[in-house]
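K.L.:
This structure is in structure tokens; I'll ask about it shortly.
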Amino acid sequence: MDKKWLPLTLVLGAAAAAVVTASLWPDDPKPPLPQSLCQGALSRATAELIDDGRGGEVSAEEWESKGRSSDYAVFRTCQVQRADPDSASPRGIFQLIVADQRHDSGPRKDSVPLGLGFKGWALPEEAEATLPAGCAARLGSTAPYLTVTLKAPSQEEEKGLVDRNTALRNSAAVVREAAAHLAKKYGCEA
């Protein structure tokens, strides 16, 4: 090779390497996903326990209101959703509701206790944990109870997506974690 062509060869080689590198480099790096959902009440890993069998990325939509009547000082709802590959809209997987209560509703028929120091119960498609005394007052309520309720229709036994024991464990894990995180957040841990 003639020495006069060597600089041109080097420049063209470097340009080709730059083009290849640029074509393989990701265009728009995705921001990291939030590791907590529902105002910090749930970790992403726990929220992903409940699935309708169709997968998809987990996200949450949160809102707050006075509740079903003017008696409620606290009523927060978090709708956990999964991305739907067949639609631009995510599909709802479960709801997590934090609300003050005037009366202890007690366990539902056929429910199991939450255990591990939590007052509450679990069914495959629904679970409830009562936060420690004082939590409702810290949030501005005069009600004696503040509960975290899970409603997960995808775990209903009739749907057959998850066996009963797994669904019970998932429901209990979600409300236990949410209750523990909220009690810590509001400084009313037992």
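The values are calculated or read from the model by the stated rules, or taken from the named source; none is laboratory data. What you see is a predicted model; the values in this text were computed from it and never measured. Because the Cβ atoms are built from the backbone with ideal geometry, glycine has one as well, and the counts that use them run over all protein chains shown. Protein only, heavy atoms only, side chains kept; ligands, DNA and RNA dropped before computing areas. Shrake-Rupley method; radii C 1.70, N 1.55, O 1.52, S 1.80 Å.
K.L.:
State yes or no: is Arg76 modelled with pLDDT of 85 or more, open to solvent by less than 60 Å² (accessible area, probe 1.4 Å), at negative phi and of a type in the set (Lys, Arg)?
P.N.:
yes
A quick yes/no check of all residues on (1) aliphatic (A, V, I, L, M); (2) over 22 Å from Ala45 (Cβ atoms); (3) out of contact with any Asp or Glu (no Cβ under 6 Å at 6 or more places or on another chain):
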{"residue": "Thr77", "(1), (2), (3)": "no, no, yes"}
{"residue": "Ser87", "(1), (2), (3)": "no, yes, yes"}
{"residue": "His103", "(1), (2), (3)": "no, yes, yes"}
{"residue": "Gly106", "(1), (2), (3)": "no, yes, yes"}
{"residue": "Thr130", "(1), (2), (3)": "no, yes, yes"}
{"residue": "Leu139", "(1), (2), (3)": "yes, yes, yes"}
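K.L.:
Please list, ordered by first then second residue, the pairs with beta carbon atoms under 6 Å, 6 or more apart or interchain, first in the stretch 159-183 and farther than 14 Å from Asp110 by Cα, second of a type in the set (D, E, K, R).
P.N.:
Final answer for the pair search is Ala183/Glu189.
K.L.:
Going by what's in this entry, would Asp84 be described as surrounded by fewer than 18 Cβ atoms within 10 Å (Cβ to Cβ) and charged (D, E, K, R)?
P.N.:
So Asp84 passes the test.
K.L.:
Ok, one more. In the stretch 40-47, is there at least one residue being open to solvent by less than 20 Å² (accessible area, probe 1.4 Å), closer than 24 Å to Arg138 by Cβ and small (Gly, Ala, Ser)?
P.N.:
yes
K.L.:
Right, something else. Glu62: at pLDDT 85 or above, assigned to a strand (DSSP E or B), open to solvent by 50 Å² or more (accessible area, probe 1.4 Å) and within 18 Å of Val175 (Cβ to Cβ), yes or no?
P.N.:
Answer is yes for this residue.
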